[in-house]
Amino acid sequence: IVPGFHDAALTDAFVRSLPSFVMPMIVKVYPTSPLAVYEWLQGHFSVASDEPAVPLVGISFSAGTVGLAGALALWQQQGGNVSKLIAVDGWGVPLIGLPASRLSHDRFTHASSLPLGAGDVNFYADPAVPHLNLWQAPESAAGIEVKGWQLDRGVAMTAGEFLRRSLHAEWNAAFSWRAVTYR
């Protein structure tokens with residue numbers, strides 16, 4: 001998790017809202033520096049190994065999306081496995097080339113970010129919520145899950161539900177019915 005520039009209590013509240021199977025690690029480096037985030041990833045995960053690369057799911061908020069998107073692009077270039085980037089209000093940050101989903105605090109932010117990379121499935125709050133509220137209390141942000149470039153015709157849910165569904169999908173994709181070798 002790469003937060004932006006805000007009070008740490010907001011990130012603590014966000015982490016508490018995540019499903020119990022998630023083991024969040026908060027990246028505590030300058031959030032807009034892709035190199036600093038990439039070096040943090042290198043210090044905690046390995047790319048060079050005879051084992052398959054661990055699929056990473058990154059979650060970023062606001063300015064943290066700058067650092068995480070750049071770091072994950074570098075991670076992929078070095079052979080790392082990026083399962084998903086969940087960009088929470090990462091307005092104006094290009095996500096092209098990354099498997100991503102966008103969560104936006106309003107329809108305008110959602111629509112104006114799509115040309116910079118739309119995920120297979122995205123979410124925007126409707127009615128709009130304040131930027132920091134989306135991060136602090138995703139359960140309280142009602143909105144719409146939409147496919148790709150769509151703006152309408154989606155499924156009503158909260159941002160918290162969207163996060164749970166997305167994280168469950170990534171968990172299942174990473175660990176479902178794979179042959180496991182025990183040593």
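The values are calculated or read from the model by the stated rules, or taken from the named source; none is laboratory data. Keep in mind that this is a model prediction, so the values were computed, not measured. When we count neighbours, we look across all protein chains shown, and the Cβ atoms used for this are built from the backbone with ideal geometry, even at glycine. Areas reflect the complete protein model, heavy atoms only, side chains present, ligands, DNA and RNA absent. Shrake-Rupley method; radii C 1.70, N 1.55, O 1.52, S 1.80 Å.
Across the stretch 33-51, not a single residue is classified as within 20 Å of H168 (Cβ to Cβ), in contact with a helix residue (DSSP H, G or I) (Cβ under 8 Å, 6 or more places away or on another chain) and small (G, A, S). Of all residue pairs spaced 6 or more apart or on separate chains, those with beta-carbon atoms under 6 Å, a first member in the stretch 5-17 that is farther than 21 Å from T158 by Cβ and a second member that is modelled with pLDDT of 95 or more are F5/A63.
Mind listing just one residue for me: the one in the stretch 108-129 that is in a helix (DSSP H, G or I) and touching a Lys or Arg at 6+ places or on another chain (Cβ under 7 Å) and, of those, surrounded by the most Cβ atoms within 10 Å (Cβ to Cβ)? If we take residues in the stretch 108-129 being in a helix (DSSP H, G or I) and touching a Lys or Arg at 6+ places or on another chain (Cβ under 7 Å), then H110 is surrounded by the most Cβ atoms within 10 Å (Cβ to Cβ).
Residues in the stretch 71-104 that are within 24 Å of H6 (Cβ to Cβ), open to solvent by 40 Å² or more (accessible area, probe 1.4 Å) and touching a helix residue (DSSP H, G or I) at 6+ places or on another chain (Cβ under 6 Å): W91, P94. Scan the stretch 63-95 for residues that are touching a Pro at 6+ places or on another chain (Cβ under 7 Å), in a strand (DSSP E or B) and in contact (Cβ under 8 Å) with a residue 60 or more places away in the chain and the total you get is 2. Within the stretch 1-34, restricting attention to residues that are among the polar types (S, T, N, Q) and either over 16 Å from the mean Cα position of the chain (by Cα) or farther than 15 Å from S166 by Cα (or both), the residue that is least open to solvent (accessible area, probe 1.4 Å) is T11. Residues that are of a type in the set (F, W, Y) and in a loop (DSSP other than H, G, I, E, B) within the stretch 36-58 comprise just one, F45. Scanning the stretch 135-142 turns up no residue that is under 21 Å from V2 (Cα atoms), under 13 Å from the mean Cα position of the chain (by Cα) and part of a strand (DSSP E or B).
Do the conditions hold for L167, that is, is it of a type in the set (A, V, I, L, M) and more than 21 Å from A63 (Cα to Cα)? Yes, satisfied.
Just for the stretch 1-35: of the residues that are in a helix (DSSP H, G or I) and of a type in the set (A, V, I, L, M), which one is farthest from S140 (Cα to Cα)? Per the criteria, the residue is L35. When every residue of the stretch 55-67 is checked against the conditions, at least one turns out to be of a type in the set (S, T, Y), surrounded by 23 or more Cβ atoms within 10 Å (Cβ to Cβ), more than 17 Å from A159 (Cα to Cα) and touching a strand residue (DSSP E or B) at 6+ places or on another chain (Cβ under 9 Å).
Does T11 count as farther than 18 Å from A73 by Cβ and either β-branched (V, I, T) or in contact with a Cys (Cβ under 7 Å, 6 or more places away or on another chain) (or both)? It is true that T11 is farther than 18 Å from A73 by Cβ and either β-branched (V, I, T) or in contact with a Cys (Cβ under 7 Å, 6 or more places away or on another chain) (or both). Scanning the stretch 130-151 for residues that are at pLDDT below 95 and out of contact with any Lys or Arg (no Cβ under 9 Å at 6 or more places or on another chain) yields G148, W149, Q150. Just so you know, in the stretch 54-81 the residues that are over 14 Å from S166 (Cα atoms) and β-branched (V, I, T) include one that is farthest from the chain's Cα centre (by Cα), and it is V54.
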